[in-house]
1. When segment 79-122 is examined, which residues are found to be among the small types (G, A, S), at negative phi and within 26 Å of the chain's Cα centre (by Cα)?
2. Can you pull out every residue in segment 39-74 that is among the hydroxyl-bearing types (S, T, Y) and modelled with pLDDT of 85 or more?
3. List the pairs whose first member sits in segment 94-122 and is under 15 Å from C56 (Cα atoms), whose second member is of a type in the set (A, V, I, L, M, F, W, C) and open to solvent by 100 Å² or more (accessible area, probe 1.4 Å), and whose Cβ atoms are under 9 Å apart, counting only residues at least 6 apart or on separate chains?
Amino acid sequence: METGIKETPAGGGSVIDRPSSAVHSSSPSSEKIKRFETKKLNAVAFWAWDLSVDTCAICRNLIMELCIECQAIRDSETRNECTVACGVCNHAFHFHCISRWLKTRHVCPLDNDQWEYQKFGN
């Protein structure tokens, strides 16, 4: 007993299994019949920071938004510099906010552990 051969055409889609003798014959009935064909594919992706917090505990703004310092300036160059700073304790703050905080105390505002940068940037 011969087994069926399954071939997938380039460009996607699916074909019906036919016996191997039918696939290799030269008759017109040996053409592959497509079950479906992909005409268009729209991919959608979502992303988010890998953080346990979504607000800056210093200014109380969302991490993804501008800090209060950048909101007051309203300069397009400063908006690009408003980045997120994460500590080894996994607490995240706006870089401007934590920089201002670290001028007076060198600890995390939430857990009072010694502050050390883990990640910095967009």
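1. Within segment 79-122, A85, G87, A92 qualify.
2. T55
3. Here the result reads F95/F120, each pair linking segment 94-122 to a residue that is of a type in the set (A, V, I, L, M, F, W, C) and open to solvent by 100 Å² or more (accessible area, probe 1.4 Å).
The values are calculated or read from the model by the stated rules, or taken from the named source; none is laboratory data. As the structure is a computational prediction, the values presented were derived from the model and not from experiment. We place every Cβ from the backbone using ideal geometry, glycine too, and count neighbours over all the protein chains shown. Ligands, DNA and RNA are stripped out before the accessible areas are found, and what is left, the full protein with its side chains, is counted by its heavy atoms. Shrake-Rupley method; radii C 1.70, N 1.55, O 1.52, S 1.80 Å.
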